[in-house]
Amino acid sequence: YPGANPAGLQRLLEYDRKKGSGYADLLRIYLEKERNIAETIRVAYMHRNTFLYRIRKIQEILQMDLDQSDVRLALQIAFHIMDSTNKETDLTEDYLAKYPAISFIAPTAPQRIEPLEAITTFVLQAKG
């Protein structure tokens, strides 16, 4: 995907490192709970208004539209890859060379992401 990169997620991880905000963890819970606010705030043990503020802040940092299913899928794949490497990692060029399937995360301009192609690539590379 030309011009696409995971800068939005990278920015969020960097923000967490600097501020200790835990936004990436909250985003992960929110996505795992399929954007169900009630379930997310129950698991995160957080007031609804606090959650709404934080999710807006997360979207500002990401510069990604969480209403787009392709964006959510890309983020979930990135989280799974980070889990499989058993560490929080920078999404650097070296990392992208090792796991190019996540290079389609587009943080700025709205792009049409083809999730089936991306998932197929990801699975084939994982088996590879």
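For V43, the accessible area of its heavy atoms, probed at 1.4 Å with every protein chain present, is near 70 square angstrom.
For segment 66-78, 3J(HN,Hα) computed residue by residue from phi via the Karplus equation (6.51, -1.76, 1.60; θ = phi - 60°) reads 6, 7, 8, 4, 5, 5, 4, 4, 4, 5, 5, 5, 4 Hz, glycine and proline entered as x.
When you work out D = kT/(6 pi eta Rh) for segment 1-75 at 25 °C and 0.890 mPa s, using the Kirkwood radius from C-alpha pairs as Rh and the Stokes-Einstein form, the result is 193 µm²/s. Here the 3J(HN,Hα) profile of segment 26-40, calculated from phi with Karplus coefficients 6.51, -1.76 and 1.60 at θ = phi - 60°, is 5, 4, 4, 4, 4, 6, 5, 8, 6, 6, 7, 5, 4, 5, 5 Hz, Gly and Pro shown as x. Amide H contacts of M46: none lie under 5 Å away among residues 5 or more positions distant or on a separate chain (H built 1.01 Å from N in the peptide plane; Pro and chain starts excluded).
The values are calculated or read from the model by the stated rules, or taken from the named source; none is laboratory data. What you see is a predicted model; the values in this text were computed from it and never measured. Calculation scope for accessible area: heavy atoms of the full protein, side chains included, ligands and nucleic acids excluded. Shrake-Rupley method; radii C 1.70, N 1.55, O 1.52, S 1.80 Å.
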